[in-house]
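Taking it in order: structure first as structure tokens, then the write-up.
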Amino acid sequence: MKGKGSKFFRELQRRVIEVSDASTWTQAVLEWRIGGVWEDEDCETRCVCTKEGLRYVFLIENELNRNELEPIGSSCIKRFDREDLTADIILLEQMFGLYNALIGKEQMSLDLLSRKLIDYLYEQGAFQPSKFNDYYPYNDYQFMLDMFNRATRYGLSNAQNKKVQAILLNDVKQFLQQKLGSRIRQPAQSTQTTTCQTCGSKFSPCPLCTPIPNKFYPNLV
């Protein structure tokens with residue numbers, strides 16, 4: 001999206017304000033949370049701002065009046081100028097990127113990870129107890145953090161790289177499959193949704209409703 005005077009931004013403002021309680025943009029943007037997300041691999045979805053070509057398609061929900069707005073792209077949500085929503089978007093897009101790499105659609109790289117994503121994976125129980133981590137998942141979590149920090153400075157040895165790949169393929173892939181596997185689909189399928197029993201979102205199972213640590217993403221709990 002271009003500058004704040006662009007036709008896309010004006011349309012975004014109009015669409016958001018008309019379904020908000022507040023009548024000004026600066027107040028209206030405070031009413032919204034992310035309610036769901038899916039991936040359009042063909043990038044054929046049009047945002048509410050009328051911009052074409054969305055890949056990551058979000059639904060947002062108004063916390064005051066329960067109105068919903070979709071489809072909306074990440075660049076439009078970032079125009080809300082809210083650090084919490086931007087952090088949520090980055091996390092969800094990183095999850096999709098990592099999942100696509102693990103199922104062979106994209107090249108696998110530690111660049112797909114971040115400290116916050118590794119934190120999230122640990123807090124959500126993605127790392128499973130096994131004989132390779134002495135049945136203590138924290139060991140794998142700490143190892144992944146160490147390797148993430150090391151890779152940018154020194155690179156990884158063959159043994160270290162093999163262990164990283166094993167953790168990602170054996171534990172993280174299965175976790176992301178459960179969270180995201182059903183969310184990679186065509187726009188025509190996006191209406192095939194049920195209601196999440198936790199938050200009332202259209203998306204079920206909702207990728208946002210498994211408890212996420214308050215210290216990282218409080219508004220997704």
Inset, instruction - Provide, in order from the shortest bin, the percent of all Cα-Cα pairs of segment 3-145 in each 10 Å bin, continuing until the bin that contains the maximum pair distance. - result: 11, 33, 29, 18, 8, 2
Inset, instruction - Taking a cut-off of 22 Å between Cα atoms, list the lysines near LYS7, but don't count ones fewer than 8 places away on the same chain. - result: LYS51, LYS78
Legend entry - Estimated Rh, segment 41-81: Kirkwood, alpha-carbon pairs, angstrom: 10.6
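Taking 45 Å as R0, compute the FRET efficiency from the Cβ-Cβ separation of SER23 and GLU93 and round it to 0.05.
0.90
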Legend entry - For q = 0.12, 0.15, 0.17, 0.21 Å⁻¹, Debye-computed log10 I/I(0) when each Cα of segment 16-94 counts as one equal scatterer: -0.30, -0.48, -0.61, -0.93
Inset, instruction - Among the aspartates and glutamates, select those whose C-alpha is under 15 Å from the C-alpha of LYS163, and discard any that sit fewer than 8 residues away in the same chain. - result: ASP134, ASP140, ASP146, ASP171
Legend entry - Peptide ranges 170-178, 149-157 listed from the most packed, as the mean C-beta count within 10 angstrom indicates: 170-178, 149-157
Inset, instruction - Find, to one decimal place in angstroms, the Kirkwood hydrodynamic radius of segment 92-180, where the mean of 1/r is taken over every pair of different Cα atoms and then inverted. - result: 13.1
Inset, instruction - Treat the count of other C-beta atoms within 10 Å as a stand-in for reagent exposure and order ILE118, ILE167 from fewest to most. - result: ILE118, ILE167
Inset, instruction - Give the long-range amide H neighbours of GLY35: residues separated by 5 or more places, or on another chain, with amide H under 5 Å away, using H modelled in the peptide plane at 1.01 Å from N. - result: LEU59, ILE60, GLU61
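Throughout, read-outs are computed from the coordinates displayed, never taken from laboratory work. Note that the structure is predicted; figures quoted are calculated from it, not measured. Backbone-built Cβ (ideal geometry, glycine too); neighbour counts: all protein chains shown.
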